[in-house]
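As structure tokens, the structure follows; a few thoughts come after it.
The values are calculated or read from the model by the stated rules, or taken from the named source; none is laboratory data. Please read all numbers here as calculations on a predicted model, not as lab measurements. Only protein heavy atoms, including side chains, enter the accessible area calculation; ligands, DNA and RNA are left aside. Shrake-Rupley method; radii C 1.70, N 1.55, O 1.52, S 1.80 Å.
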Amino acid sequence: MGITARGVGLLVAASVLLGAGFRFAYPELALLGVAAAGAVGYALLVALWRPRLEVTRRADPDRVSRGDPARMVLTVRNTGRLRAANLLAEDRCGDRTVPVPVLRLRPGRDTTVDYDVPTDRRGVVPVGPLRVTRRDPLGLVALARSYSSVVPVWVHPRIHPLTAVPTGVGRSLDGRVDGVPQGSITFDSLREYVVGDELRRVHWRTSARVGELMVRENVDTSLPRIVVLLDNRASAHPGRDPESFEAACEAAASVVAAALRADLPVSLLLVAPEGPAGEAAGAGIGPLDRLAAARLDTGDATAALRAAATRLRRDRLGDTLVFLTGPGGRGELGHLGALRGAYPSVVVGVFGATEPAPPGATGIVVVDAADGAAFAAEWDGVRRW
């Protein structure tokens, strides 16, 4: 709650009038002072009345690619029964405010406003809360309250179509390695039958021997698994507003989307740690949402890259590694050489470099690209799949 400048002036005038009236025995001045103080008191009572509002909002849609249209639909309903809501309201959308017409909103009535959500930049646009300001008729006191929660609109990086996808790696017992475009099914283990299992998976010979139904568990050992490593270190993308990082995010989104369309397992990792809050959030959102929320990290760049390489080598999260970096990461491609034993296919995308990146280690494909679209064209030209 805040007293406006007009209210402060009236309070000062009331004090002066009351003091002068009692000091010099002028009842007229004292009466004017009482009237001024009473006006401020009345304004406080009017502003303290809290209208009963029901606020609902809906993003249409709540997830878009950069540059695609998105709208927010906001409905405010006066659920009170006696008084009209004589209010001023505005909604928060990112860095701007949007006026909401709720002036003289009658009981039981509602008003709806819809407006465009800015999607010209990748990121998470917070929309809300609705800020309602209650003023008295004289403009002496203004009381602002917030209604509804903040709804995020996820602006994903642009996705460029990729036609080529990695193939699986089938390893035979004699050591031969073959490409398997759609993976292969391999027997893994036996387990007890549960209701809902298909009878064709029952292993009858073992079931007869142990006296209960046993079913086969199969695993796809050669299904292609892609790991996308996004370099989010500030040192890899120099500049105040680096376009190379935006291009790397677009390339990461394109690879992830292509893998999902082909029903291939895909993992998204960031070089610099996201912290406990970021890891907790990343556990509940998809990879495209994580790319929308990705930010540059200013921590120890070398240590972050070494830690990421160690984790990849230890966990072996897939068979195809895609590393996306900026001009500042051109000279650190040697750290990926040690990963060739764990990842048969390694592709490096370097964005925004003014000169070609140095060749990587043996078996590593380095692609220089100006933006995400150029990387998509180069990706389809890489026939290592």
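What length, rounded to one decimal in nm, is gained on full extension from ASP110 through to ASP60, with 0.36 nm per residue of separation minus their alpha-carbon distance? Each step should come with its number before you reach the end.
Details: separation 50, 0.36 × 50 = 18.00 nm, distance 1.99 nm.
Result for the pair: 16.0 nm of gain on full extension.
Taking all protein chains in place and a 1.4 Å probe, what share, in percent, of the accessible surface of the stretch 226-381 do carbon and sulfur account for?
For the stretch 226-381, the apolar C and S fraction of the accessible surface comes to 52 percent.
In the stretch 53-156, what percent of the accessible surface is made up of carbon and sulfur (1.4 Å probe, ligands and nucleic acids excluded)? Numbers along the way, then the final one.
Details: 2540 of 5420 Å².
Roughly 47 percent of what the probe reaches on the stretch 53-156 is carbon or sulfur.
At 1.4 Å probe size, what's the solvent-accessible area of TRP154? Round to the nearest 10 Å².
Estimated to the nearest 10 Å², TRP154 gives 40 Å².
I'd like the carbon and sulfur percentage of the solvent accessible area for the stretch 2-48, probe radius 1.4 Å, heavy atoms only, ligands and nucleic acids excluded.
78 percent
Residues of the stretch 15-138: accessible area per residue at 1.4 Å, in Å²?
Solvent-accessible surface per residue comes out at 60 Å².
For a quick check of understanding: with a 1.4 angstrom probe and all protein chains in place, what accessible area in square angstrom does ILE285 have, to the nearest ten?
50 Å²
Rg(Cα) of the stretch 226-381 divided by 2.2 N^0.38 Å?
On the way: Rg = 14.2 Å, N = 156, 2.2 N^0.38 = 15.0 Å.
For the stretch 226-381, the normalised Cα radius of gyration is 0.95.
ARG313: accessible area at probe 1.4 Å, nearest 10 Å²?
Roughly 100 Å² of ARG313 is accessible to a 1.4 Å probe.
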